[in-house]
1. Just need a number here: residues in the stretch 57-83 that are touching a strand residue (DSSP E or B) at 6+ places or on another chain (Cβ under 9 Å) and outside any helix (DSSP H, G or I).
2. Please go through the stretch 74-108 and give me each residue that is among the aliphatic types (A, V, I, L, M) and more than 15 Å from ligand 2 (Cβ to nearest atom), ordered by number.
3. Considering only the stretch 85-95, I want to know if a residue exists there that is closer than 25 Å to Gly228 by Cβ, in contact (Cβ under 8 Å) with a residue 40 or more places away in the chain and assigned to a loop (DSSP other than H, G, I, E, B).
4. Checking the condition more than 13 Å from ligand 1 (Cβ to nearest atom) and buried (at least 17 other Cβ atoms within 10 Å of the Cβ), which residue from Ala119, Ala154, Ala123 passes?
5. Suppose we keep only residues that are of a type in the set (S, T, N, Q) and touching a Gly at 6+ places or on another chain (Cβ under 9 Å) within the stretch 257-306. Which one would you say is surrounded by the most Cβ atoms within 10 Å (Cβ to Cβ)?
6. Within the stretch 233-240, identify whether any single residue is exposed (fewer than 15 other Cβ atoms within 10 Å of the Cβ), in the same structural domain as Pro289 (by TED's automatic domain parsing) and at positive phi, and answer yes or no.
7. Identify all residues within the stretch 8-52 that are more than 9 Å from Gly135 (Cβ to Cβ) and in a strand (DSSP E or B); write none if there are none.
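The values are calculated or read from the model by the stated rules, or taken from the named source; none is laboratory data. Computed from a prediction, not measured in an experiment: that's the story for all the values here. Note that each Cβ is placed from the backbone with ideal geometry, even for glycine, and that neighbours are counted across all protein chains shown.
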Amino acid sequence: MRIAVMGSGGLGGFFGGRLAKGGADVVFMARGAHLAALKATGLTIESPEDPFTLPAVQATDDPATIGPVDLVLFTVKLWDTEAAARAIAPIVGPRTAVVSLQNGVQKDDMLRPILGDNALMGAIAQISTTIARPGVIAQTGTMQRLVFGEFDGARSERAERFLAACLAGGIKAEISTDITREIWQKFVFLVGLSALTCATRCTIGPVRENPHTRAMLLGVMEEVVAVGRAHRVAVPEDFAAERLAFIDTLPAGMVASMFHDLAAGRRLELPWLSGGVVDLGAAVGVPTPLNRAIRDVLVLHADGRPA
Ligand SMILES: NC(=O)C1=CN([C@@H]2O[C@H](COP(=O)(O)OP(=O)(O)OC[C@H]3O[C@@H](n4cnc5c(N)ncnc54)[C@H](OP(=O)(O)O)[C@@H]3O)[C@@H](O)[C@H]2O)C=CC1
Ligand SMILES: CC(C)(CO)C(=O)C(=O)O
């Protein structure tokens, strides 16, 4: 299976690396020092479970040199979505699947006008990875899971082929027949985790212990559930409470990726997380005061560290 990774950072580098290790024909799209290192010394995955190095990988910043592929793993940060989608036009043929592992529930609607309905397959990724240094991806913890599927629920041949490639590479992967619900359910958890860890500058341990922050965490997630249900997504009504129980099982030191971005003074995906909840809530008349407050206290950091 010929696979191109658009944005070979924490997420794309990790999953693209595992797919290549499993025998897929993978080309990595990257830029800057990371691209130079991939070309010079290959790709290294630092992982507590299964570290490995691929000493030589195909890497480029020019999609025109790749030719049409079977599947594009789309893994740029959300603010790069439109530009990266336009850049991959030369490698998307009539049967190419484009699988966005990005966070949030708006990513596929951002891609659809550029790439068309047929190209898109829905997906979520559960993992914690980052570019440790050029050419090197570091995984925190051992959680790694991909869930993907066609938006119409069909178990398509391209989804089955991708599943086989994932499993060959040691990726814990599965096909979902209700991928829209999966994407929203991950969104409920991610918005809660990112909102509360960023607003408090604390890990999830103290957030879930304190009655005030615990109530706010639950309230933030309840708003996401209400917005999803108003958008006719079959998220169970009590899903926020269920996620809170799940959060109680997580390591106390866990934070969201947006917390790392905030701590490092990098740009934030806030407009598509709590900000996305506010916008999507407004579109269907569902009030989202807690997510609005989170968005409004973090907004000064959304473009990176304020001067
Ligand atoms: N990392 C994780 O653990 C998880 C991340 N996600 C989501 O996945 C998405 C990606 O996150 P993550 O992997 O952490 O981000 P990274 O910043 O680590 O990786 C994105 C990479 O894409 C590169 N890039 C952007 N545009 C282009 C382009 N046109 N051509 C070539 N390369 C390009 C960036 O380069 P440059 O640095 O130069 O901009 C960067 O190296 C986000 O939506 C995130 O929320 C979801 C689950 C877990
Ligand atoms: C919650 C988590 C770690 C799950 O993959 C995530 O997606 C993020 O923090 O961006």
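1. 17
2. Those that are among the aliphatic types (A, V, I, L, M) and more than 15 Å from ligand 2 (Cβ to nearest atom): Ala83, Ala84, Ala85, Ala87, Ile88, Ala89, Ile91, Val92, Ala97, Val98, Val99.
3. no
4. Of the residues listed, the single one that is more than 13 Å from ligand 1 (Cβ to nearest atom) and buried (at least 17 other Cβ atoms within 10 Å of the Cβ) is Ala119.
5. Asn291
6. no
7. Correct list: Asp25, Val26, Val27, Phe28, Met29, Ile45, Glu46, Phe52.
For (1) within 14 Å of ligand 1 (Cβ to nearest atom); (2) within 17 Å of the chain's Cα centre (by Cα); (3) outside the structural domain of Ala263 (by TED's automatic domain parsing), each residue gets a yes or a no:
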residue: Phe162; (1), (2), (3): no, no, yes
residue: Ala165; (1), (2), (3): no, no, yes
residue: Gly169; (1), (2), (3): no, no, yes
residue: Val188; (1), (2), (3): no, yes, no
residue: Leu193; (1), (2), (3): yes, yes, no
residue: Cys198; (1), (2), (3): yes, no, no
residue: Arg201; (1), (2), (3): no, no, no
